[in-house]
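The values are calculated or read from the model by the stated rules, or taken from the named source; none is laboratory data. Computed from a prediction, not measured in an experiment: that's the story for all the values here. In this analysis, Cβ positions are derived from the backbone assuming ideal geometry, glycine residues included, and neighbour counts consider all displayed protein chains. Remember, those area values only see protein heavy atoms, side chains included, never the ligands or the DNA or RNA. Shrake-Rupley method; radii C 1.70, N 1.55, O 1.52, S 1.80 Å.
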Number of protein chains: 2
Amino acid sequence: MLVGYLGPKGSFTHGVASHAFLNDELIPYESLTELLKAFEQEAVSAAVVPVENSIEGSVHETIDYLFHHGDIQTVAEIVYPIQQQLLVAKKDRPIHEIYSHPQALAQGKAFIDRYYPKAKLEMTASTAYAARYVSLHPEKTIAAIAPLSAAHEYQLYVQHKDIQEMAANYTRFWILGKKAVEMPTSLHHTEDKVSLALTLPSNQPGALYKALSTFSWRNINMTKIESRPLKTALGEYFFIIDLLMEKEEWIHFAFEELSAMEIAVKVFGQYPVYTVNEKEIEQ
Amino acid sequence: MLVGYLGPKGSFTHGVASHAFLNDELIPYESLTELLKAFEQEAVSAAVVPVENSIEGSVHETIDYLFHHGDIQTVAEIVYPIQQQLLVAKKDRPIHEIYSHPQALAQGKAFIDRYYPKAKLEMTASTAYAARYVSLHPEKTIAAIAPLSAAHEYQLYVQHKDIQEMAANYTRFWILGKKAVEMPTSLHHTEDKVSLALTLPSNQPGALYKALSTFSWRNINMTKIESRPLKTALGEYFFIIDLLMEKEEWIHFAFEELSAMEIAVKVFGQYPVYTVNEKEIEQ
């Protein structure tokens with residue numbers, strides 16, 4: 001089976017894909033939009049995409065695409081610890097520029113402010129691109145913030161280990177597919193969820209409150225709610241909601257009630273959640 | 001009076017600051033965090049910061065700083081139309097690379113896909129930096145996506161006009177200050193609002209629902225709700241809420257009720273909202 005992931009090689013998404021798909025061919029894509037399009041056009045049978053980070057919040061490119069385009073289903077979620085390293089081509093030189101993805105630069109902000117307050121920050125499309133750039137320019141006094149897998153992939157040194165702002169830094173990844181996938185035993189099944197987007201009828205005050213009522217009085221546990229702009233006008237939103245899949249029948253009753261209130265429900269998937277331990281990554 | 005804004009010269013925030021403060025000295029800051037710190041340390045008496053765009057959503061760096069740091073008050077909001085231009089140093093050459101802020105690249109995505117599908121996209125810290133870079137490298141076949149004010153500031157040509165994805169593209173800017181500011185008559189006062197952040201007691205299911213109840217049964221009009229990660233663990237959020245300031249007394253009753261429910265309320269400000277017409281920008 002062909003499995004697409006947000007590349008290049010050595011990215012966090014590559015790490016997740018490697019843990020989840022042991023015997024499949026993994027194919028890197030340059031951007032999330034290209035990857036999502038490739039999955040829709042069946043160039044790959046599954047796709048691994050980042051959805052939300054515990055510090056930086058939702059990955060809007062993923063969420064917006066799933067909401068605005070077609071009918072893509074999530075078949076599993078993997079919660080993966082994010083450990084960022086400061087990588088260099090040659091050890092113990094001064095560092096004048098630091099390259100990384102904007103989210104990784106944000107996660108390393110406290111570290112940079114303390115150790116490299118004068119370093120110039122340069123944004124790249126991904127952490128792995130930053131690592132590749134540093135490895136291609138060994139003469140420059142530059143560093144990349146990227147995962148350990150990128151150090152292996154591009155033969156870089158770890159100048160500082162685990163520089164991210166918080167110990168508890170996790171990212172949720174979704175596996176998109178046509179059918180359920182069996183996960184290797186190194187992944188731990190923790191719970192089951194359903195993710196959906198609600199679009200409220202416009203000019204109906206209190207519609208969000210009514211929508212949440214349908215879950216609340218049934219004691220359905222909501223683990224996430226987030227508004228995203230509908231891209232029509234300032235102040236118009238859709239809502240991403242995650243529910244624990246404890247009472248499947250009650251959830252379907254709630255959906256029927258929402259539909260009777262003219263609240264549109266788009267289900268992104270009903271899926272098992274798996275976690276990966278930090279120790280399993282350090283190998 | 002000294003007024004700080006997110007620079008450099010020619011940025012959208014510079015445009016907003018120029019419309020709001022006709023007779024004050026405007027001082028550019030390189031990043032939002034530097035600007036917010038300068039305002040906290042009283043290096044400037046007021047600051048102009050972007051808060052939310054109708055397509056890309058909230059500006060997290062602003063929202064997160066106001067939530068996590070000190071007690072900064074918003075004294076006015078300005079809703080400003082965003083019109084993006086494709087700027088070049090020399091007209092009608094091929095364009096191989098396009099520079100801009102990630103949000104502007106996102107807003108110009110449909111345009112780029114149609115007219116320059118092969119152009120390499122390069123992220124910069126702001127649209128105005130992109131314009132400055134293009135003006136400093138006239139020999140290169142590159143372009144910037146930036147506002148008209150940047151074309152004037154850096155003597156660039158408008159190769160394509162108004163390339164943003166939607167006609168209705170607006171950004172909300174907040175003016176931070178110690179006291180109310182009087183706005184010039186070119187700005188139109190439309191409504192009054194109050195913005196706040198709610199932090200819910202952990203492990204209390206349905207707490208968000210209860211919080212929204214306090215506004216809903218009083219018919220207080222909520223114009224925005226957005227969750228942001230608390231940065232403690234995956235799945236813990238605070239909520240940014242905007243309310244129309246129509247019934248001031250009722251809003252204060254609601255705040256007392258929230259506090260009785262152990263829901264923490266942090267008020268970002270109670271402020272008038274002003275709009276700027278598109279025609280006023282094109283001069």
### Calculated from backbone phi, Karplus (6.51, -1.76, 1.60) coupling profile of the stretch A:110-125 in Hz, x at Gly/Pro
4, 4, 4, 4, 7, 9, 9, x, 9, 5, 7, 9, 10, 7, 10, 6
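For peptide B:225-233, compute the average count of partner chain beta-carbon atoms within 10 Å of each residue's beta-carbon.
Numbers: counts 7, 8, 8, 4, 9, 2, 10, 4, 5.
Whole-number average of other-chain Cβ neighbours for B:225-233 is 6.
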### Task
Please work out the C-alpha center-to-center distance from the stretch B:221-235 to the stretch B:148-200 and express it in whole Å.
23 Å
### Message
When the expected Rg is taken as 2.2 N^0.38 Å, what fraction or multiple of it is the alpha-carbon Rg of the stretch B:92-217?
### Response
1.53
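Please compute how much accessible surface disappears when B pairs with A, both sides summed, using a 1.4 Å probe, and round it to the nearest 100 Å². Each step should come with its number before you reach the end.
Values: alone 13850 and 13860 Å², together 24650 Å².
Its buried surface, counting both partners, is about 3100 Å².
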### Query
Considering the Cα trace of chain A, what is its radius of gyration and what is Dmax, both in angstroms?
20.4, 65
### Task
Please tell me the relative contact order of chain B in percent, rounded to the nearest whole number, where contacts are Cα pairs under 8 Å and at least six residues apart.
23 percent
### Task
With only alpha-carbon atoms counted, please give the Rg and Dmax of the stretch A:85-160, in Å.
10.6, 28
## Note on the structure
By accessible area (1.4 Å), largest first, A:Leu22, B:Leu212 order as A:Leu22, B:Leu212
### Task
Could you quickly flag the chain A residue whose beta carbon comes closest to the rotation axis taking A to B, and that distance in whole angstrom?
A:Met123, 2
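May I ask for the Kirkwood hydrodynamic radius of the stretch A:18-163, worked out over all distinct Cα pairs and given in angstroms to one decimal?
With all distinct Cα pairs of the stretch A:18-163 included, I get 16.6 Å.
Compare A:Asp113, B:Asp242, A:Asp71 by solvent-accessible area with a 1.4 Å probe and give them largest first, with all protein chains kept in place.
On the way: A:Asp113 80, B:Asp242 0, A:Asp71 115 Å².
The residues order as A:Asp71, A:Asp113, B:Asp242, largest area first.
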## Note on the structure
For the pair B:Glu182 and A:His252, the simple spin-label estimate (label points 7 Å beyond Cα toward Cβ) gives in nm 6.6 nm
### Query
Amide H neighbours of B:Ser58 under 5 Å, counting only residues 5+ apart in sequence or on other chains, H built in-plane at 1.01 Å?
B:Asn53
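Just reorder A:Thr141, B:Thr62 by solvent-accessible area, largest first, 1.4 Å probe, all chains present. Don't skip to the answer; put the middle values down first.
Numbers: A:Thr141 40, B:Thr62 0 Å².
Result of the area sort, largest leading: A:Thr141, B:Thr62.
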### Task
Treat the stretch B:29-88 as a sphere of radius equal to its Kirkwood radius over Cα pairs and apply Stokes-Einstein at 10 °C in a medium of 1.306 mPa s; give the translational diffusion coefficient in µm²/s, rounded to a whole number.
121 µm²/s
### Query
If you place +1 on the Cβ of every Lys and Arg and -1 on the Cβ of every Asp and Glu, how big does the dipole about the Cα centre of the protein assembly as shown come out, in debye to the nearest 20?
1200 debye
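What is the extension gain from B:Thr223 to B:His152, computed as 0.36 nm multiplied by their sequence separation minus the C-alpha to C-alpha distance, in nm to one decimal?
Fully extending the segment from B:Thr223 to B:His152 adds 22.0 nm.
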### Summary
Among the Cα-Cα pairs of the stretch B:137-283, the proportion with separation greater than 22 Å, in percent, is 58 percent
### Query
Extent of the stretch B:191-271 along each principal axis, from alpha carbon coordinates, in Å, largest to smallest?
36, 21, 15
### Task
Any chance you could count the Lys pairs in the stretch B:191-271 whose alpha carbons are under 21 Å apart, treating pairs 8 or more apart or on different chains as valid?
10
### Query
Using bins 10 angstrom wide from zero, how does P(r) for the protein assembly as shown break down, in % of all Cα pairs?
3, 16, 27, 28, 19, 6, 0
